[in-house]
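Here, each number is a calculation from the coordinates, and none is a lab measurement. From a predicted model like this one, the values you see are computed outputs, not experimental measurements. Cβ: placed from backbone, ideal geometry, glycine included. Neighbour counts: every protein chain shown.
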Amino acid sequence: MDKKVVVQILRAPIGGIRKHVYDILTTLPQDAFEHIFITNMDDADFALPPIPNVTIFSLNIQDQPSPRDLKNLFVIYKYLSGKKIDIVHGHGAKGGLYARLVSYFIRAKCIYTPHGGSLHRVHGKLKNFIYDAVEIGLIPFTDTFLFESGYSRNIFSMNIIDVGGKAIVNYNGIELPKACSQNHYLPGQTIRMASFGLLRNLKGHDIAIRACSLLQKQNIPFTYVVYGKGEDHQILIQLISDLNLQKQVTILDYTNDVPCEMLKYDLILHPSRFESFGYVPVEAMALKIPVVVSAEGGLKEVVDPKTGFVASSNQPEEYFEIIFAIYCGVNTLEDKVDEAYRKVVNNFTCEKMIKKIGEVYHGEN
């Protein structure tokens, strides 16, 4: 069987979408697939680890629509024309736009994973209308919509259009860790907490910081560390100062070894205001570290009351109550972390994710 040549297009390799694409590039069998990765490598906030046997084509892809998009489309077309390309897979609104237009002209199969602009619904009525119109106009150019959660599929169907049989849900997956946490939190001890994610309003780090202020007022011993980069860094630093939490709350740089850092903590908080899937809770669950999450978006499919703690209102007071109950020994952890681990094994492994993607690429769905 000849190798299939797959082009992955992604605006900027950051956040969960970065991990998703990186797993595809590094895990699909090299004897069956050859990859070209078109991405904003020069301007990305985080450098990707080396990717063996993957051709990387760096391109200045801007977040907002601009005349540069026309130039980029021409550059991509010129670069790919004459090559044997079987599949073009676009990730996110901008990557999806490029992938669908280019695949049409080079006569390749097109797969699109919506992520971001078309799902967030936070850009205002005019921009949302523009995003939706573009998405609808590009449907004839899309062979398969590969959604990372049932939530993403449902939001796309509800707010844009139901793509019917073109839609496939394939949960994101992670490599199972070789070892799980051996630290079992004992009530009354200092509770060590952490969050991981881009420093953006959508990630809700401010909600967790305000919950920490409530813990402080009740003299609950704790530490809280946020790992990440982003435009809200100074806003969060100021909030920590305003609440006089400098001794307990810290913001550290993004880490390339999230599981290793997670093992230092008793509890992982994920108070996201929007989440199409939720890599961070899955990584913590695989390590048997308890999670406290919002009930936003795809998180409802990842964490339930049997596998973690869900702050359904996503308000600081609810996080405080959950953490306080853990501190007092009211909320027990052992059964939840075991059930959470089983859920990851059954639903969210990289092996399962890659198997399905391979089937989609081969046209078996």
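Taking the dipole about the Cα centre of the chain, with the C-beta of Lys and Arg at +1 and of Asp and Glu at -1, give me whichever of Ile85, Tyr319, Ile111 is farthest to the positive side.
Ile85
Would you mind giving the average projected area, over all directions, of the Cα convex hull of the stretch 111-215 in nm² with one decimal?
Working: hull surface 41.2 nm².
Mean projected area of the Cα convex hull: 10.3 nm².
Show log10 I(q)/I(0) for the chain at q = 0.10, 0.13, 0.15 Å⁻¹, two decimals, from a solvent-free Debye sum over equal Cα scatterers.
Summing over Cα pairs of the chain leads to -0.64, -1.04, -1.31.
What do you get for the angle between helix 15-27 and the principal long axis of the chain? Use alpha-carbon atoms, 0 to 90 degrees, nearest ten.
It works out to around 60 degrees.
Sorted by average packing, counted as other Cβ atoms within 10 angstrom per residue and highest first, what order do 289-298, 253-262 take? Kindly include the intermediate steps, with their values, before the conclusion.
On the way: 289-298: 24.1, 253-262: 14.4.
Ranking the peptides 289-298, 253-262 by packing returns 289-298, 253-262.
When N counts the residues of the stretch 203-356, how does its alpha-carbon radius of gyration compare numerically with 2.2 N^0.38 Å, as a ratio?
Relative to the 2.2 N^0.38 Å estimate, the stretch 203-356 comes out at 1.02.
Hey, can you grab everything whose amide H is under 5 Å from the amide H of Ala311? Only 5+ residues off in sequence or another chain; H modelled, so Pro and N-termini drop out.
Amide H neighbours of Ala311, under 5 Å, 5+ apart: Val293, Ser294, Ala295.
Compare His184, His115, His205 in a GNM of the chain, Cα atoms joined below 10 Å, and give the one with the largest fluctuation.
His184
Ranked highest first by the average count of other Cβ atoms within 10 Å around their residues, in what order do 274-283, 328-337 fall?
Ranking, from highest mean packing down: 274-283, 328-337.
If you fit an axis through the alpha-carbon atoms of helix 68-80 and take the longest principal axis of the Cα set of the chain, what angle between them do you get, 0 to 90°, nearest 10?
Tilt of helix 68-80: around 60 degrees.
GNM on the chain, C-alpha springs below 10 Å: top fluctuator among Leu199, Leu126, Leu245?
Looking only at Leu199, Leu126, Leu245, the biggest GNM fluctuation is shown by Leu126.
Looking only at Phe348, Phe105, Phe196, which one moves most when the chain is put into a Gaussian network model with springs between Cα atoms under 10 Å?
Phe105
Compute the angle between helix 92-106 and the longest alpha-carbon principal axis of the chain, please, reported from 0 to 90 degrees and rounded to the nearest 10.
The angle comes out near 20 degrees.
Take the cross-link list Lys84/Lys127; Lys264/Lys336; Lys4/Lys229; Lys203/Lys264 and give me the ones stretching past 29 Å between alpha-carbons.
As for pairs spanning more than 29 Å Cα to Cα, those are Lys84/Lys127; Lys4/Lys229.
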